[in-house]
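J.: One structure, as structure tokens, below. Some questions next.
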Amino acid sequence: MTTLRIAIADDDVHEIELKTFDQLTTAEFIRMAEREDEPSDATLTKDKAKLIRLTGAPDRFIRYMTDSEVEQAYTYVLGVLESSNEHIKKLSEVNKTLEEWEEAHERKWNVEDAKQVMEQFGIFRSSVTMGDTTYDAKPLGTAHYGQWIDLESAVFTLKDATESELYAQTLAILMHGADGKYPVQAEHESLEEYSERCGSYTSERVRFFMAAPWVEVMGCAAFFFFNDQRYEAICNPFMRRFQNLSGHRRSAMRRVIPQSGDLMRS
């Protein structure tokens, strides 16, 4: 990892870590690739704001940079974003491969086929690791109904957030880790106490996924999107990267209560 060092004085230094794309955390990817610039600012002001967003350096250090340092920072950032674009382009390659699937295999592809193709292109992941901590993505057949309720509520609340923020939030609710299963309200626990405990549990996990490698976080969101019909149904409107690859299910999403309101047979 390369470092760009900006020194205003001997004891007033800021270092910008020039990470590779695969080293970017979810928070860093959001800052670099999913935040929007203010279009009404003057040109150099917009450039300064973009450098702050892309490098994370404070305003006063950006203002102190020389032209060569600015050029070096931009060259690095453009390289990282190009790597990001190449990674995202793999989703298009996945889509193209699946479009050709029927002709090659003489049958329609299903979710298992999609996972195989995503693994081929290095997108699909089943775990997120940072330091000594690992969270695993597993099929959601045993997920509690309360998890789905909280997931849908979180996605609805964050519908104006960035797509990667949604990845982190949904993984916080669904992933398996050493910190235990998703909280269940105890018999003598008030709703307020449970909500506080559940919120603390989820918040700690969100912090983890925001600090974890983005490629792993996005890959696990892809795991759930392609592995579970309900996750896709809830998240599809807000996860644009995956939208072109949805809708190829062998059956409609299972509902506990049909839309007509009639009870299902047991």
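J.: Quick one: which residues, 5 or more positions from Ser127 or on another chain, have an amide H under 5 Å from its amide H? H modelled 1.01 Å from N in the peptide plane, none for Pro or chain starts.
T.: Amide H to amide H, under 5 Å and 5 or more residues apart or across chains, Ser127 pairs with Ala137.
J.: Still on this structure, I have one more. For Thr25, what residues show an amide H to amide H distance below 5 Å, using hydrogens built from the backbone and excluding near sequence neighbours?
T.: Here Trp214 satisfy the definition.
J.: Also, I was wondering about something else. Taking 8 Å as the Cα distance limit and 6 or more residues as the minimum spacing, I'd like the relative contact order of the stretch 108-245 as a percentage.
T.: Relative contact order of the stretch 108-245: 35 percent.
J.: Still on this structure, I have one more. Residue by residue through the stretch 238-243, which ³J(HN,Hα) values in whole Hz follow from phi under the Karplus form 6.51 cos²θ - 1.76 cosθ + 1.60 (θ = phi - 60°), with glycine and proline marked x?
T.: Karplus values, whole Hz, x for Gly and Pro: 10, 10, 5, 4, 9, 4.
J.: Here's another thing I want to ask about it. Work out the charge dipole of the stretch 108-245 with +1 on the Cβ of Lys and Arg and -1 on the Cβ of Asp and Glu about the Cα centre, then indicate which of Phe209, Leu151, Thr162 is farthest towards its positive end.
T.: The one lying farthest along the dipole's positive direction is Thr162.
J.: Hey, how many Å between the Cα centroid of the stretch 1-70 and the Cα centroid of the stretch 134-182?
T.: Each part's Cα centre sits 31 Å from the other's.
J.: Let me ask something else. Using the number of other C-beta atoms within 10 angstrom as an exposure proxy, rank Phe156, Phe209 with the fewest first.
T.: Phe156, Phe209
J.: Among rounded, prolate and oblate, which fits the stretch 2-83 when a ≥ b ≥ c are the square roots of the eigenvalues of its C-alpha gyration tensor, a/c under 1.5 means rounded, and a/b larger than b/c means prolate?
T.: oblate
J.: Ok, one more. Across the stretch 62-70, in residue order, what do the Karplus-derived ³J(HN,Hα) couplings come to in whole Hz, using 6.51 cos²θ - 1.76 cosθ + 1.60 with θ = phi - 60° and x for Gly and Pro?
T.: 4, 5, 8, 5, 7, 4, 5, 5, 4
J.: Can you work out the Karplus-derived ³J(HN,Hα) for every residue in the stretch 154-167? Use 6.51 cos²θ - 1.76 cosθ + 1.60 with θ = phi - 60°, whole Hz, and x for glycine or proline.
T.: 5, 5, 5, 5, 9, 4, 9, 7, 6, 4, 5, 5, 5, 4
We did not get these values from a lab; they are worked out from the coordinates using the rules stated. These numbers were taken from a predicted model, which means no experiment stands behind them. Because the Cβ atoms are built from the backbone with ideal geometry, glycine has one as well, and the counts that use them run over all protein chains shown.
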